[in-house]
Amino acid sequence: MKETGMKDFCVGCRGGAMEQTDCSDESLSQRRNSCLRDLLDPKLDDMPVDDSESLAEHYKVKGNECYVDKRYQEAYELYTKAIETCPMNLNYYSNRAATLMMLSRYQHALEDAQQAVRIDDSFVKGHLREGKCHLALGSAYAAIRSFQRVLELEPNSKPAENELLNARALLEYENMAEKDFAKQDFRKVVFCMDRALDYAAACTKLKIKKAECLAMLGRYAEAQSVASDILRLDSTNADALFVRGLCLYYEDLIDKAVQYFVQALRMAPDHEKARLACKNAKLLKAKKEEGNQAFKDGQLQEAYDMYSSALQIDPNNRITNAKIYCNRAAVSMKLKSFDQAAQDCSSAIQLDESYIKAYHRRAQCYMRIENYEDAVKDYEKICTMEGSQENRRLLQDAKLQLKKSKRKDYYKILGVGRTASEEDIKKAYRKRALMHHPDRHSSASPELQKAEEKKFKEVGEAFSVLADPKKRERFDNGQDLDDDVGLKDFDANTIFRTFFGPTSSGGNFSFETSGPGNFFFHFG
C-alpha cells in the first residue's frame with residue numbers, strides 16, 4: 001500500500017543537465033525506466049516507456065558485452081538491472097550466475113542458478129551452473145545431483161560428464177583425507193586437500209582442514225596465511241580462529257593462543273576442538289610453571305615428575321614439549337644422571353632441530369660421561385648456528401678431550417687418578433709391573449703370554465711419562481708425545497730393573513710357581 005503524501009524522486013539527465021523531479025505514484029516506474037534508458041543509450045528515446053522487456057533485454061545485451069570484455073563487475077550490475085526490470089526471466093539469472101562465478105562469488109552465483117531452475121526445471125544451463133557452484137563450494141553430493149539432472153535432460157552433454165567426474169574425484173579425495181586424518185598422516189591430508197581444492201577452490205571447509213594439518217606439521221606460517229585469508233572474508237569464522245590459535249599454541253605462545261580459542265568458542269560454543277585445545281593449553285602452561293618453580297626451590301624429584309606429567313598432555317605440541325624435555329634434562333644433570341639427561345636432550349632436538357640450548361646441554365652431558373666424539377659433533381652444530389667466541393672455545397676443549405681420549409690413558413693403565421702424587425705413581429707401577437711381568441706368565445698359553453707382555457710394556461710406558469714432570473704436563477695438556485725420543489726409545493725391562501734389580505736371567509730376581517696361580521717372588 002502507498003502512504004498518502006509520499007513522494008518518490010528520480011534524476012533526469014537529458015541534455016547533460018541534472019534535475020531532481022517529483023514523480024507521481026502512477027508515473028514513477030515509467031519515468032525511472034526512461035531515465036535509465038537515457039543513461040544507457042540516448043537512441044532509445046523512441047522506445048515506449050512501458051516496454052520493460054525491451055529495456056531488460058537491452059541491459060542483458062550491454063551486460064554480455066561487458067562480460068566478453070571481462071568487465072565482470074559492470075556486467076553484474078547490468079544483469080541486476082535486467083532482473084529488476086523483468087524478474088521472471090531465467091536467462092538473466094543464469095547470466096548473472098556466470099558473472100558471479102567469474103568474480104569468485106560462488107554462493108551468490110549458486111542462488112541465481114537455483115532461481116533459474118526454479119523458474120524452469122528443464123533449463124539445462126541453469127542446472128549445469130548450479131552444479132559448478134556446488135562443486136566450487138565443496139558440496140560434492142549436491143554437484144553430482146545437478147550434473148546427473150543435466151544428463152537426464154541432455155544425455156550426451158560432455159560438459160556435464162566431465163564435471164561429474166570432477167565431483168566424484170572431489171568426493172574421493174575428501175574420503176581419503178578423512179581416513180588419513182584419523183591415522184594422523186597429516187602430509188597425506190595436505191596432499192588430498194590440495195587436489196580437492198583444484199576442484200573446489202572456494203570451499204572454506206577444505207581450506208580449514210589443510211590449514212589445521214599444516215599446523216600439525218609445524219608449517220605455521222602457511223597455516224596462518226590460509227586462516228588469515230578466511231578471516232579477512234569472515235572475521236567470525238570459528239574454524240579459522242581455532243587454526244590461528246592452534247598455530248600460536250604450537251609455537252609456545254600459549255597466552256595468545258588461549259585468546260583465539262576463547263574467541264572461537266564465543267562464535268561457536270560447541271566447537272569441541274577449540275575447547276580441548278584451550279584446556280590443554282592452560283594445563284600445559286600450569287604444569288610447566290609448576291616444574292620450573294620446583295626446580296628453583298631445589299625440589300628436584302618433584303620438578304622431574306611435573307615435567308614428566310606435562311609431557312603427557314599433548315604429544316603434538318613439539319616446541320613446548322622440546323622445552324620441557326630440555327628442562328627435565330637440567331633436573332637429571334643436577335641428579336648426576338647424565339645418560340638420562342642426554343636422552344632427554346636428544347628428544348628435545350628431535351622435536352625442534354633448531355633448539356640450541358638442547359644441543360648445549362647434551363654436549364655438556366657427553367663431556368661428563370666422556371663421550372667426547374658426540375660432544376664435538378654437538379659443539380660443531382652449535383657453532384654453525386651461533387658462532388660466538390665462547391662456543392668456539394667449547395668446541396676446542398671438546399676436540400682436545402677427544403684427542404686425549406684416543407691416546408693411551410696412562411693414569412688408567414697404572415690405576416691412579418689424575419691428581420696422583422709421585423709416590424702414588426711409583427707404588428702403582430710396582431704393583432702393575434709385577435702383575436704383568438712376562439716371567440710370571442711363562443707357563444701360560446702363547447696368547448696369554450703375548451697379552452701380558454703387551455700390558456707390561458704399557459705399564460713401563462705409562463710410568464716413563466707420568467714419572468717425568470715435563471712429560472706428564474705435556475700429556476695432561478693433550479700435546480703429542482709420539483715424537484718424544486725418550487718415550488720412543490724406552491725399555492720396559494730397564495725400568496723394571498731400576499725398581500727390582502736384575503731379572504731372573506740376571507740372577508737377583510725371579511718368579512717361581514708352586515702350582516697354578518701361586519707365585520713366589522725371590523729377591524737377592
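Quick notes on this structure:
- Across q = 0.23 Å⁻¹, the range 347-434 modelled as identical point scatterers on its alpha-carbon atoms has Debye log10 I(q)/I(0) values of -1.04, in the order of the q list.
- Gain upon complete extension [R407, D476; 0.36 nm per residue less C-alpha separation]: 23.7 nm
- Computed E for E74/L165 - FRET, C-beta separation, R0 45 angstrom, nearest 0.05: 0.85
- One chain, two ends: R187 and R392. Fully extended at 0.36 nm per residue, the span grows by 70.0 nm beyond their Cα-Cα distance.
- Additional length obtainable on full extension of the chain from D121 to R430, 0.36 nm per residue less Cα span: 100.2 nm
- Percent breakdown of C-alpha pair distances by 5 Å bin, ordered from the shortest bin, for the range 363-487: 2, 11, 16, 15, 15, 13, 11, 8, 5, 3, 1, 1, 0
- Using θ = phi - 60° and Karplus 6.51 cos²θ - 1.76 cosθ + 1.60, couplings along the range 159-165 (whole Hz; Gly, Pro as x): x, 5, 4, 5, 5, 5, 4
- Backbone HN-Hα couplings from phi across the range 349-356 [Karplus 6.51/-1.76/1.60, Hz, Gly and Pro as x]: 5, 4, 7, 9, 5, 9, 7, 5
- Note on R497 and K450: with the Förster distance fixed at 22 Å, the Cβ-Cβ geometry gives a FRET efficiency of about 0.50.
- The packing ranking of peptides 354-363, 324-333, 183-192, 447-456, highest mean first, is 324-333, 354-363, 183-192, 447-456, where packing means the average number of other beta carbon atoms within 10 angstrom of each residue.
- Per the Kirkwood formula applied to alpha carbons, the range 290-358 shows a radius of gyration over Rh ratio, Rg over Rh, of 0.95.
- Note, ³J(HN,Hα) from phi for the range 401-409, Karplus 6.51, -1.76, 1.60, rounded to Hz, x at Gly and Pro: 5, 5, 4, 4, 5, 7, 8, 5, 8
Every read-out reported here was derived from the displayed coordinates using simple, explicitly stated rules and does not represent laboratory data. Since the model is a prediction, treat every value here as computed from it, not as a measurement. With ideal geometry, Cβ positions are generated from the backbone for all residues, glycine too; neighbour counts draw on all protein chains shown.
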